[in-house]
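Have a look at the structure that comes next, please.
The values are calculated or read from the model by the stated rules, or taken from the named source; none is laboratory data. These figures come from a predicted structure and were not determined experimentally. Because the Cβ atoms are built from the backbone with ideal geometry, glycine has one as well, and the counts that use them run over all protein chains shown.
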Amino acid sequence: MRALARRHTTPAAIVRSADLPFLAFVLALGVVVRAVLDHGLDDALGAVLPDGTSLPALLAVAGLAALLANLINNLPAVLALVPLAAPSGPGAVLAVLLGVNIGPNLTYAGSLATLLWRRIVHHHAHEVSLKRFTLLGLATVPAALVASTVALWVSLELLGG
């Protein structure tokens, strides 16, 4: 604790660590996605998002959420899908959350956390190739998404919901 007390962080250091260009990128991403949703994507997603909490429906919801997260990033995907899934109940919302949290590990751009991780890794002179990242994602994401969605379905069946 004393080591932390001795460290003096200047306002300039705080601003630099906040990475304002990256924050601007995140804001711009939200603005662009909101515009796209308002001009038809919202209706298109509503037309393909399944209703209910059957296992096929939950797998489809999680899969759609994973796909959308990889296309537009996980934060905008959750903002787009949760309101559409909510009428089907908490199980569908949880399937969206599984999809937008597990699914984005297929691409660098799928998750804000991955984008931040990549910037930090690059800053420390380490690189993870796109090929290696993608191969690891392909090896783990589908199995993890299916297993977690099946576990969600089983819990909904056992506990009701």
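Output yes when any residue across region 103-122 is under 22 Å from Val33 (Cβ atoms) and assigned to a loop (DSSP other than H, G, I, E, B), and no when none is.
Yes: one or more hits.
Follow-up. Spot the failing condition for Leu45; the list is (1) surrounded by fewer than 23 Cβ atoms within 10 Å (Cβ to Cβ); (2) modelled with pLDDT of 95 or more, and only one is missed.
Tallying (1) surrounded by fewer than 23 Cβ atoms within 10 Å (Cβ to Cβ); (2) modelled with pLDDT of 95 or more, Leu45 fails exactly one: (2).
Here's a follow-up. Which residue, of Pro11, Pro87, is at pLDDT 90 or above and surrounded by fewer than 18 Cβ atoms within 10 Å (Cβ to Cβ)?
Pro87
Does Ala86 meet the test of being in a helix (DSSP H, G or I), under 10 Å from the mean Cα position of the chain (by Cα) and closer than 27 Å to Glu157 by Cβ?
When the stated conditions are applied, Ala86 does not pass them.
Out of the residues in region 22-32 that are at pLDDT below 80 and aliphatic (A, V, I, L, M), state the one that is farthest from Trp117 (Cα to Cα).
Taking the candidates together, the pick is Leu29.
Right, here's the next one. Given the condition within 19 Å of the chain's Cα centre (by Cα) and assigned to a helix (DSSP H, G or I), answer yes or no: does some residue in region 2-22 qualify?
Yes, because at least one residue in region 2-22 is within 19 Å of the chain's Cα centre (by Cα) and assigned to a helix (DSSP H, G or I).
On to the next question. Pick from region 62-73 the residues that are buried (at least 24 other Cβ atoms within 10 Å of the Cβ) and closer than 16 Å to Ala144 by Cβ: which of them is nearest to the chain's Cα centre (by Cα)?
Ala69
Hey, another quick one. Do you know which residues across region 46-61 are under 14 Å from Val146 (Cα atoms) and not in a loop (DSSP other than H, G, I, E, B)?
Within region 46-61, Leu55, Pro56, Ala57, Leu58, Leu59, Ala60, Val61 meet the criteria.
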